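Enquirer: Let me begin by handing over the structure; questions about it come next.
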Amino acid sequence: MIRKLLPRSMRSLRPAKTYDVDVTIGVPCFNGRKTLERALDSALGQTYRGAYEIIVVNDGSTDTTANIAKAYELRFPDYIRLITTSNKGVAAARNEIIKSARGEYLTWLDADDAYFPTKIAAQIGDLKELEKKSGQQALRLVMSEYRINGNNSNVRQYLADPIRHVLTGELRAYLWATMARTSIYKVVGPFNQKLHRSEDQDWLLRFLRKGGKIQQRTRQPLMHYSFSTSRNGKHVEESLHHILSTYGRLLDKYGIRAEFEPRRYWEIAGFYKANKKWDDMWRCRGMAVKKDFDTYFPKLIGEVIREMDQRDSDLGARVLSEVEAFRKTNP
């Protein structure tokens, strides 16, 4: 339901269509009818008093996303622009936002996430303060803390060596937690439209390898992040193969391939299981075992036992005993 009243923080906001735009908020969206209103309300309800615009790219949604986004554009035409495309993927949607952005600065908002009211004001303030110290030409972005499942993140712990932690996915706060000059997206280059997901991880790695810096000043969380465990296993595996083929040397440099690769295959098997893609689930479980037998073979046996008929409670104990005996005699 669209708010009946203009959010209080917007009552003195300068319309983006009247003034030069300070900030563009990019919202790529596909089938986001359940959460898009919350996301847009949070973007409209910012305390920032400068001019900003919100660009929503409806990426060929098949639900009522287009209707919701259009209703917001009609109600707030000075602030929201809707772009509708055929379904090309999130990377293409992000590239469309970059191409259309009029803001000097660019930030992102996924359709299932939400800003805290001070997000824009805090990040643009941080960027301008950093620019005063070292100029506007530096390749930098600011990254905020966020809240996930009721807990606060700890982005700062990963910023001393961000490439390593972006590679492994430990630095989960990708572009939706950032703000940067729009111009740096043209320096780094477009998002990889061959990727169905992890396009932001790939872009951020390219940014860092070009000498880009991730900085943080404001320490309190500035947004809610929604982490979904319902993912397309094929797309996640595609992302893993891209990381291995494109950034394999970095994984080897950090000495983390041996731990990272089997762990990701095991996680991907879980997504295939949720998708009921059983052959792919077993294939990825097998890849994890092949890459790290000592760690993942016991996990595999444990999974098999849990999936057996639980009525025979002695069966699991017998199998585990035999497996342990086999491992002792076959080190």
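Enquirer: Has segment 110-126 got any residue that is within 18 Å of the chain's Cα centre (by Cα), more than 18 Å from GLN46 (Cβ to Cβ), in contact (Cβ under 8 Å) with a residue 12 or more places away in the chain and part of a loop (DSSP other than H, G, I, E, B)?
Expert: Within segment 110-126 (the criterion being within 18 Å of the chain's Cα centre (by Cα), more than 18 Å from GLN46 (Cβ to Cβ), in contact (Cβ under 8 Å) with a residue 12 or more places away in the chain and part of a loop (DSSP other than H, G, I, E, B)), the answer is yes, since at least one residue qualifies.
Enquirer: Now for a separate question. Considering only residues of segment 159-189 that are assigned to a loop (DSSP other than H, G, I, E, B) and under 22 Å from GLU261 (Cα atoms), which is farthest from the chain's Cα centre (by Cα)? Talk me through it step by step, then tell me what you get.
Expert: Within segment 159-189, the first condition is being assigned to a loop (DSSP other than H, G, I, E, B), and the residues that meet it are 159-161, 169-174, 182, 189.
Add one more test, that the residue is under 22 Å from GLU261 (Cα atoms), and what stays is 161, 169-174.
Values: ASP161: 19, GLY169: 10, GLU170: 12, LEU171: 10, ARG172: 7, ALA173: 7, TYR174: 5 Å.
My answer is ASP161.
Enquirer: Still on this structure, please answer the following. Where residues in segment 190-218 are farther than 22 Å from ARG164 by Cβ and more than 18 Å from the chain's Cα centre (by Cα), which of them is surrounded by the most Cβ atoms within 10 Å (Cβ to Cβ)?
Expert: THR218
Enquirer: Give me the residue from segment 87-102 that is small (Gly, Ala, Ser) and open to solvent by 10 Å² or more (accessible area, probe 1.4 Å) and, out of that set, farthest from VAL21 (Cα to Cα). Let's see the steps before the verdict.
Expert: Let us first name the residues in segment 87-102 that are small (Gly, Ala, Ser), namely 89, 91-93, 100-101.
Subsequent filtering for residues that are open to solvent by 10 Å² or more (accessible area, probe 1.4 Å) retains 89, 92, 100-101.
On the way: GLY89: 27, ALA92: 23, SER100: 12, ALA101: 9 Å.
Here the residue is GLY89.
Enquirer: Would you confirm, using the coordinates I've provided, whether ARG181 is farther than 26 Å from ARG231 by Cα, charged (D, E, K, R) and open to solvent by 20 Å² or more (accessible area, probe 1.4 Å)?
Expert: Details: farther than 26 Å from ARG231 by Cα: yes; charged (D, E, K, R): yes; open to solvent by 20 Å² or more (accessible area, probe 1.4 Å): yes.
Considered against the rule, which asks whether it is farther than 26 Å from ARG231 by Cα, charged (D, E, K, R) and open to solvent by 20 Å² or more (accessible area, probe 1.4 Å), ARG181 comes out as yes.
Enquirer: Does segment 239-255 contain any residue that is touching a residue at least 12 places away in the same chain (Cβ under 8 Å), out of contact with any Leu (no Cβ under 8 Å at 6 or more places or on another chain) and assigned to a loop (DSSP other than H, G, I, E, B)?
Expert: no
Enquirer: Continuing with this model, one more query. Identify, from the list ARG206, ARG231, the residue that is in a loop (DSSP other than H, G, I, E, B) and free of Cβ contacts under 8 Å to residues at least 60 places away in the same chain. Steps first, please.
Expert: Numbers: ARG206 fails: in a loop (DSSP other than H, G, I, E, B).
So the residue among ARG206, ARG231 that is in a loop (DSSP other than H, G, I, E, B) and free of Cβ contacts under 8 Å to residues at least 60 places away in the same chain is ARG231.
Enquirer: I've got another one for you. Being under 14 Å from ILE184 (Cβ atoms) and not charged (D, E, K, R) is the filter here, so list the residues in segment 124-133 that pass it. So that I can check it myself, show each step before the final result.
Expert: First, the residues of segment 124-133 that are under 14 Å from ILE184 (Cβ atoms): 127, 130-131.
Within segment 124-133, LEU127, LEU130 qualify.
Enquirer: I've got another one for you. Pick from segment 29-56 the residues that are among the charged types (D, E, K, R) and not in a helix (DSSP H, G or I): which of them is least open to solvent (accessible area, probe 1.4 Å)? First the steps, then the outcome.
Expert: First pass over segment 29-56, keeping only residues among the charged types (D, E, K, R): 33-34, 37-38, 41, 49, 53.
Subset that is not in a helix (DSSP H, G or I): 33-34, 49, 53.
Details: ARG33: 114, LYS34: 169, ARG49: 119, GLU53: 3 Å².
It comes out as GLU53.
Enquirer: Run down ASP78, ASP59, ASP63 and say which single residue is open to solvent by 30 Å² or more (accessible area, probe 1.4 Å), in contact (Cβ under 8 Å) with a residue 12 or more places away in the chain and more than 22 Å from GLY45 (Cβ to Cβ). It would help to see each step written out before you state the result.
Expert: Working: ASP78 fails: more than 22 Å from GLY45 (Cβ to Cβ); ASP59 fails: open to solvent by 30 Å² or more (accessible area, probe 1.4 Å).
On inspection, the qualifying residue turns out to be ASP63.
Enquirer: Quick one: would you say THR84 is on the phi < 0 side of the Ramachandran plot, hydroxyl-bearing (Ser, Thr, Tyr), open to solvent by 30 Å² or more (accessible area, probe 1.4 Å) and modelled with pLDDT of 95 or more? Please lay out each step first, then the result.
Expert: Values: on the phi < 0 side of the Ramachandran plot: yes; hydroxyl-bearing (Ser, Thr, Tyr): yes; open to solvent by 30 Å² or more (accessible area, probe 1.4 Å): yes; modelled with pLDDT of 95 or more: yes.
Criteria met by THR84.
Enquirer: Do we find a residue being open to solvent by less than 60 Å² (accessible area, probe 1.4 Å) and of a type in the set (Phe, Trp, Tyr) anywhere in segment 279-290?
Expert: Step one: list which residues in segment 279-290 are open to solvent by less than 60 Å² (accessible area, probe 1.4 Å), which gives 280-281, 284-289.
Going one step further and asking which of them are of a type in the set (Phe, Trp, Tyr), we end up with none.
Looking for residues that are open to solvent by less than 60 Å² (accessible area, probe 1.4 Å) and of a type in the set (Phe, Trp, Tyr), one finds none in segment 279-290, hence no.
Enquirer: Additional query: In segment 140-158, which residue that is touching a residue at least 24 places away in the same chain (Cβ under 8 Å) and in contact with a helix residue (DSSP H, G or I) (Cβ under 6 Å, 6 or more places away or on another chain) is farthest from LYS210 (Cα to Cα)?
Expert: Restricting attention to segment 140-158, the residues satisfying the condition of being touching a residue at least 24 places away in the same chain (Cβ under 8 Å) are 140-149, 152-153, 155-156.
Then keep just the ones that are in contact with a helix residue (DSSP H, G or I) (Cβ under 6 Å, 6 or more places away or on another chain); that gives 142-146.
Values: VAL142: 16, MET143: 18, SER144: 21, GLU145: 24, TYR146: 26 Å.
Applying the filter and picking the extreme gives TYR146.
Enquirer: Of the residues that sit in segment 121-154 and are of a type in the set (A, V, I, L, M, F, W, C) and touching a Ser or Thr at 6+ places or on another chain (Cβ under 7 Å), which one is surrounded by the fewest Cβ atoms within 10 Å (Cβ to Cβ)?
Expert: Within segment 121-154, the first condition is being of a type in the set (A, V, I, L, M, F, W, C), and the residues that meet it are 121-122, 124, 127, 130, 138-139, 141-143, 148.
Among the residues that remain, those that are also touching a Ser or Thr at 6+ places or on another chain (Cβ under 7 Å) are: 121-122, 141-143.
Numbers: ALA121: 18, ALA122: 21, LEU141: 24, VAL142: 25, MET143: 28.
Here the answer is ALA121.
Enquirer: Quick one: how many residues across segment 155-173 are within 23 Å of PRO117 (Cα to Cα) and either at pLDDT 90 or above or open to solvent by 30 Å² or more (accessible area, probe 1.4 Å) (or both)?
Expert: Step one: of segment 155-173, the residues within 23 Å of PRO117 (Cα to Cα) are 155-156, 172-173.
Next cut, either at pLDDT 90 or above or open to solvent by 30 Å² or more (accessible area, probe 1.4 Å) (or both) only: 155-156, 172.
Qualifying residue count for the region: 3.
Enquirer: Which of (1) open to solvent by 10 Å² or more (accessible area, probe 1.4 Å); (2) closer than 21 Å to LEU127 by Cα is the odd one out, the single condition ARG249 does not satisfy?
Expert: Among (1) open to solvent by 10 Å² or more (accessible area, probe 1.4 Å); (2) closer than 21 Å to LEU127 by Cα, ARG249 violates only (2).
The values are calculated or read from the model by the stated rules, or taken from the named source; none is laboratory data. All of these numbers come straight from a predicted model, not from anything done at the bench. Quick reminder, even Gly has a Cβ in these numbers, built from the backbone with ideal geometry, and neighbours come from all protein chains shown. Keep in mind that these areas ignore ligands, DNA and RNA; they rest on the heavy atoms of the full protein, side chains included. Shrake-Rupley method; radii C 1.70, N 1.55, O 1.52, S 1.80 Å.
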